[in-house]
Amino acid sequence: MIPISEQAFAEQLYALGFTHTETASLVQASMGLIARHWQARTLCLYHLSGRCVYASEHAQDLSEQLPELLADKPKELSSYKVGELHCVPLNLGYILISDSTPEPELSRHWCEIFVHKLATNTTEKRSDVQSRTQTVISNAQIMQLVMDNIPTRVFWKNTQLEYVGANQAFLQDVGIESLDQLQGLTLSQMPWAEDNRVQLTQQDLQLLAGDVQSIDYEESLTIGKKVLWVQGHKIAIRDNEGKTTGILGTYHDITTRKNDEEKLRLLATAFESHEGIVIANYDGIILEMNAAFCEITGYQPEEIVGKTFRVLHSGRQNQQFYLAMWASIHERGRWEGEIWNKRKNGEIYPEWVTITAVKNDEGATTHYVAAFIDLTEIKTQQAEIRRAALQDQLISQLFHLTLQSSSTKHYLQRTLEILLESLPWLMPIASVHIAPNDKSPSWQLMAELNFSGTSDLSNHADLLSRLRALESKPQAQHLNSCQHCSGVQPHSHYLLPLLLDSQLVGALTVCLRAFDVQNKQDDEQLKRICNVLALGVSRRQTEQALILAKEDAEHANLAKSQFLSSMSHELRTPLNAILGFSQLLELEELDDEQQESVSEITQAGLHLLELINEVLDLAKIEAGRIDLKIESFSVDMVLRDCLSLSQPLAAKRQVQIECDLAQAENFLVKADRTRLKQILLNLISNAIKYGKEAGTIRILFSNPEYGRVRIAVQDDGEGISAEYQKELFQPFHRLGAEASHIEGTGIGLVISRKLAENMNSELNFTSQLGQGSTFWIDLPQAFDTTSIGTDLDEDDDFLYEQTSVSPKLSTILYIEDNKTNQKLIEQALHHRTNVKLLCAGTALHGLELASGEQPELILLDMGLPDMNGFELLELLKCSSETANIPVIALTADAMPEVIEKAIAAGFSEYMTKPIDVQVFLRCIDQWLA
C-alpha cells in the first residue's frame, strides 16, 4: 500500500461521495477505502443506538460492547482507544471502530457530510421528499465545489471504460475545456503515451473483472514532450447489490517531489563517494563532512566540526606553502595538488587535495568545498614495486651463494657483505650467531662485519640474555642504543632469529640508526633474508643434523615401546584379577541380580581390555611391524563370518542387516583376510551402534573404477556434522559419543584406515547430518581365480569340549609374586580334581620346587622380583631335571616383540593377562593330556 497524505485521503473519500448516490453503495465503498488505508481487519460503523451500519468481513458483533466503548468517549470529536480497539466519533450519533490505528486521520468536514447523508436517509419520511431532494442537491453542490478546487485529479468511468465525469484538475491535464467534451471518451483518446495507455487499461480491466478491489500506482505519464509523475488510486464502483457499475480514480502530481528526490539522490551519491569531502564556511571553519573523510582522517564528525583545516596540518609544509595555496583559491577560485596531512592517530600520509570556492549570486565567496584523495595506497604500491624488485634480486643472489659449497664461516661473511651493500638503510655493522646444540651448549659468533668504527657485541650488556631468550621465544627484538661501538653514530641492534621449520638455527644482528621509524616492509625483507640464512647454515650442518635426528628417533621409538610395554603390563595385571574372578563367579549359581552385576563387571573389563589391545595394535601398525598375508578370495567368504559375529549386537538393537551374499561371490579382492575381516567388523558394528534402533543397515558392492572393488556399509543414523567429519580419524576422538551409552574406544576407525593403507586400499566415508553415513573400503580387485582360498578362519568361534586327561594326579607349578593372581589360578583349577597346584612367589623358590616336585607343567610370570622370566627359563633349561618340563608364559606384557622373543627363547606358549578362563583351562587340559 503506497502511503497517502491526509489531504489525498480526504479527496478520495469526497470523490466516492460524488459518484455513489445510493447510501448503501456509498457506505460500502467508503468503508472499504478506509479499511485498506488503515490496514484494518476489523472495521465497524455503529449508531449510538446500537444499530450496526457496516461491519467488515472479519469483524465480530460489537453491539454488546458498545456501552463500554462509549464510556470513555471524550466530549470533543477526537479518536480514542479502548483496549485493542480504536474509536472515531463521526458526529450525529455515529462512531467508527477499528482494530488498527486510524492513520491518516479523517477530515472532520467529510465526516459531517457523510453522517448527514446517513442520518437524512434514515429519518426522512415520504412527506419530506422535497426537503431530502434539496439536501441532496446541496450536498452534491458542495462536493462538486470541493472537487473542482482541489489539486487532486478525480475521474470516473462506466463499465465500457468511457469517461463519465471528472473534476477541473483532470480536465486541464488532458486539455479538455468542459465535462461534456470528456464524456464518452476512452483512454485511447487521451493524450498519454502509448505505454501509459496500455498499462492504465490493464488496471481498469483488472478492476472490472474483480481480480482486485483497488489499485495503487506510481508512474510517469508522458503528455507530448512533458513528463508528469503521478501517484494514483483506483477502485471499482459498486451498486447496492455489489455489482460493478464503473471505476473511480484519483491521482496527484508528484513531479516536483520526484525531481527533488532525484537531486537529493545525486547529491547524496556525490557526497558519499570514496573521496573525502568537507564543506567549510568563508572563515575556513568546517561545517559538514562525509563518511569517507572520517574514514581517511580517523576523526568523528563531532571532533572535527567547528575546527579549521589546520587540524590536518602535518608540519611537512611551511607557512609559505599554505599562503600560496589560499592566494590561488582567492584568485582563481580553485587549488589542487599533493599535500602531506596528519590523521587523528598522528600518522602522516599523502593526499591529493582539491579546494573550490563557492560563490553567491553577487560573486562573493561564501563557502569552500574540499575533496581529499588518500594517496597512501598508491605511494605504497609504487614503493612496494621498487622494493620487491630489489628484494627479489637480493634474495636470488643469496640463494645462489647458499647453494655453493663453502665453509660456514666463509658463507656467512660473504652473505653479510652482500646484505650490507644492498640495504643502504642498514648501518654497516652486522653479525651472525649460531644457536647452541648438544655438543656446543653456548652461542657461537661465526661471522662479524663492521665497515665503520669498532663494534664488539660480546661486550653488549644485553646480548647474551637476549640470545638465550630466543630459545624459548624466537621472535625479533631490539637491543637498546649502545655506547660501546666507538666511532659510530647512535644506533640500536636488531636481533632476528634464524628459523628453519620452526627450529632455531641461529641469530642475525644488524644495526638501525637511532630514532628511525622501523618500516614493516623492511622488516619482512629481513625475515626473508633470515630464512635464506637459516637454510644455508642448516645445509652446512646437514650430516651432523641427520645423525642426531636418527639417534633421537631411535631413542624416541625405544622410549615409546618401553612405555607401551610398561603400560600394558601395569594395566593387564589388575585387569587379570577383575576379569578372571568375574568369569569364575559366572560359573557359580547366582541369583538374577548377582548374575547381572557380575555381567556388568565382565563387560566393563572386556571394554578396557579392548582399549588396551587396540592401543597396542595401533602402535604395532605405526611402527611398521604388522605382517600381512595378501591372497585372493571372494568377498562373501569374509562377510559370512562378519555377519555371524555381528548378529548378536544387531539383534540386541533390533537392527536388520541387508546383504546380498550371492552378489558378493562375484567380487574378488586381494587382501589379508583376517585384517579385512577386522575392518568390516568395525564398520558393521559402528553402523549398528550409531544407526537407528530397529533400523536397517545395508552392505553394498560396486566397482568405482577399473581394478577396484568397493564394499560400503550404509546406516540410517543421525549422520556426522561437518564440524566433526575432519576429526573422525583422530585417535580417541569419539565425536561426542563418549557422553552417550554407546560403548567404544575411538581407535577402531584409525586402525582400520591404517590397515587399509597397508593393504594398498582406501577407507573413507560420506555423511550428511540427519541422513546417515556410508563408510566404504576400496580394495584391489583379483582377476586370477586359480588362487582363490577356501573359507577357513583360525579365529572362528567353536564350542569348547574338554580334552580327556589322564586320571593320574598332575602337578602344576605357578611362579608368580602377585597373591591375587595366585588365588585366581587356584580357583580356576578348583574344578580340575586331577590337578595339584604349587605356588612360588620368587624365581629361586620356583627353581627349588621345580627340581624337587618335578611338575608336569610350569606357569611362569615374566616380571618376578629377583629375576625376569627369560633368566629363569634359561636356568630351567640348563638343569637336566627341569629341561623337558613345558613352560607357559603367563604375563601382562603383550608387546609383539616380547612375544616373539619368548617363543624363540623356548617358552611352550605365551598367554597374556587378563586370561580367558575357558581358554586357559583348555590350554591346561591340552598340555596335561
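Values quoted throughout were computed directly from the atomic coordinates according to the rules given, and no laboratory measurement underlies them. In this text the structure is predicted, and so the values were computed from the model without any measurement. Here Cβ is always computed from backbone atoms with ideal geometry, including for glycine, and neighbour counts include all displayed protein chains.
Suppose R0 equals 35 Å. What FRET efficiency, 1/(1 + (r/R0)^6) with r the Cβ-Cβ distance, do K652 and K819 give to the nearest 0.05? Mind showing how you got there, number by number?
Numbers: r = 38 Å, r/R0 = 1.09.
For K652 and K819, the calculated efficiency is 0.35.
Just rank K808, K157, fewest to most, by other beta-carbon atoms within 10 angstrom.
Numbers: K808 8, K157 24.
Least to most surrounded, the residues fall as K808, K157.
Want the number for D462 to C52: 0.36 nm per residue separation, take away the alpha-carbon distance, what's left?
Working: separation 410, 0.36 × 410 = 147.60 nm, distance 9.79 nm.
Between D462 and C52, full extension yields an extra 137.8 nm.
With θ taken as phi - 60° and the coefficients 6.51, -1.76 and 1.60, list the Karplus ³J(HN,Hα) couplings across the range 178-187 in order, rounded to whole Hz; mark glycine and proline as x.
10, 5, 4, 6, 7, 4, x, 7, 10, 4
Give me the distance between the Cα centres of the range 523-544 and the range 744-778, rounded to whole Å.
So the two Cα centres are separated by 41 Å.
Only sites in a loop by DSSP and with at most 10 other Cβ atoms within 10 Å count here; which trypsin sites (Lys or Arg not before Pro) in the range 210-240 make the cut? Numbers along the way, then the final one.
Details: sites: K225, K226, K234, R238; in loops: K225.
In loop regions of the range 210-240 (DSSP not H, G, I, E or B), the sparsely surrounded trypsin sites (Lys or Arg not before Pro) are K225.
Round to the nearest 0.05 the FRET efficiency obtained for Q397 and R310 when R0 = 41 Å and r is the Cβ-Cβ distance. List each step's numbers first, then the result.
Working: r = 49 Å, r/R0 = 1.19.
Once rounded, the FRET efficiency stands at 0.25.
At 0.36 nm per residue, minus the direct Cα-Cα distance, what do R41 and N360 gain on full extension? Give it in nm, one decimal, please.
Working: separation 319, 0.36 × 319 = 114.84 nm, distance 5.54 nm.
Extending this stretch completely gives an extra 109.3 nm.
Length gain on complete extension for the stretch A24 to D260, per 0.36 nm per residue less the alpha carbon to alpha carbon distance?
Numbers: separation 236, 0.36 × 236 = 84.96 nm, distance 4.26 nm.
Working it through step by step, the gained length comes to 80.7 nm.
With respect to the cross-link table entries K157/K243; K726/K754; K877/K901; K652/K913; K439/K550; K692/K754, which display a Cα-Cα separation exceeding 23 Å?
Numbers: K157/K243 15 Å; K726/K754 16 Å; K877/K901 16 Å; K652/K913 29 Å; K439/K550 16 Å; K692/K754 28 Å.
Pairs exceeding the cut-off: K652/K913; K692/K754.
Considering the options T366, Q317, W335, tell which one lies farthest towards the positive end of the dipole of the range 272-374, charges being +1 on Lys and Arg and -1 on Asp and Glu at the Cβ, about the Cα centre.
Result: Q317, furthest along the dipole toward the positive end.
Among all the lysines, which ones have a C-alpha under 24 Å from K379's C-alpha, if same-chain residues fewer than 8 places away are not counted?
Once the sequence-local lysines are set aside, what remains near K379 is K342, K344, K520, K527.
Is the range 272-374 best put as rounded, prolate or oblate by its Cα gyration tensor, with a ≥ b ≥ c the root eigenvalues, rounded for a/c under 1.5, and otherwise prolate when a/b is larger than b/c, oblate when not?
Values: a/c = 1.77, a/b = 1.27, b/c = 1.39.
Since a/c reaches 1.5 but b/c is at least a/b, the shape of the range 272-374 is classed as oblate.
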